[in-house]
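Following: one structure in structure tokens, then a few remarks.
The values are calculated or read from the model by the stated rules, or taken from the named source; none is laboratory data. The model shown is predicted, which means the values in this text are computed figures rather than measured ones. Note that we place each Cβ from the backbone using ideal geometry, even for glycine, and neighbour counts take in every protein chain shown.
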């Protein structure tokens, strides 16, 4: 459309220039009434007319360009909003997935009863290391009364009793979740992991557990 306007203006300029360059114009005499109705444009006036036409065309082109720029800006803004909406939705989905996984993990923890919650009557664990170090853990509960003792010996004997020993033993038993159906290997693995002990350094492992319901767990292993 802009090209057509340009061609039209170019032809109009040529036409007006040709009219202005004519040296002799034969005019029939007119009476006073006819001369008052005829308006002849001078060369300067024709230049003004052409100039106005070019100005209108330029303003029209400028308006069209501004409209195109506005449309492009609106499209870009819309695309940016859509991208932000997608990123926000993705973030919400990831957060929901994280929450769901956390709840599932919590359910698994709640579903696995610790030794302490099963009602321990007596717990005894003895570990001997390759370097002759020895650890002993003892815990007893009779109704509402608890008794505990922890001994570690490696040249020097360290012994913990009373409330400190009870608290340490209850923490240990709360972190152990095996039961009488667990294999001896898994029992050892769970205890070594909880105590942060390397199984390769152990020369003797002996465990005795008695529950309030009279069920028992016994595991004994010696490395010669």
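Counting only residues that are in contact with a helix residue (DSSP H, G or I) (Cβ under 6 Å, 6 or more places away or on another chain) and either crowded, with 16+ Cβ neighbours inside 10 Å or at pLDDT 95 or above (or both), how many does the stretch 121-144 have? Quick ask: steps written out before the conclusion?
As a first pass, look at the stretch 121-144 and keep what is in contact with a helix residue (DSSP H, G or I) (Cβ under 6 Å, 6 or more places away or on another chain): 129-130, 139.
Filter once more, keeping what is either crowded, with 16+ Cβ neighbours inside 10 Å or at pLDDT 95 or above (or both): 129, 139.
Residues that pass the stated criteria total 2.
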For this session: Please tell me if residue 149 is in a strand (DSSP E or B), free of Cβ contacts under 8 Å to residues at least 40 places away in the same chain, under 48 Å from the mean Cα position of the chain (by Cα) and under 18 Å from residue 190 (Cα atoms).
Result: no
Problem set entry | Matching residues, the stretch 168-206, being in contact (Cβ under 8 Å) with a residue 60 or more places away in the chain and in a loop (DSSP other than H, G, I, E, B) | 175, 176, 177, 178, 179, 197
For this session: State whether the residues of the stretch 160-167 include one that is part of a strand (DSSP E or B) and farther than 17 Å from residue 117 by Cα.
Result: yes
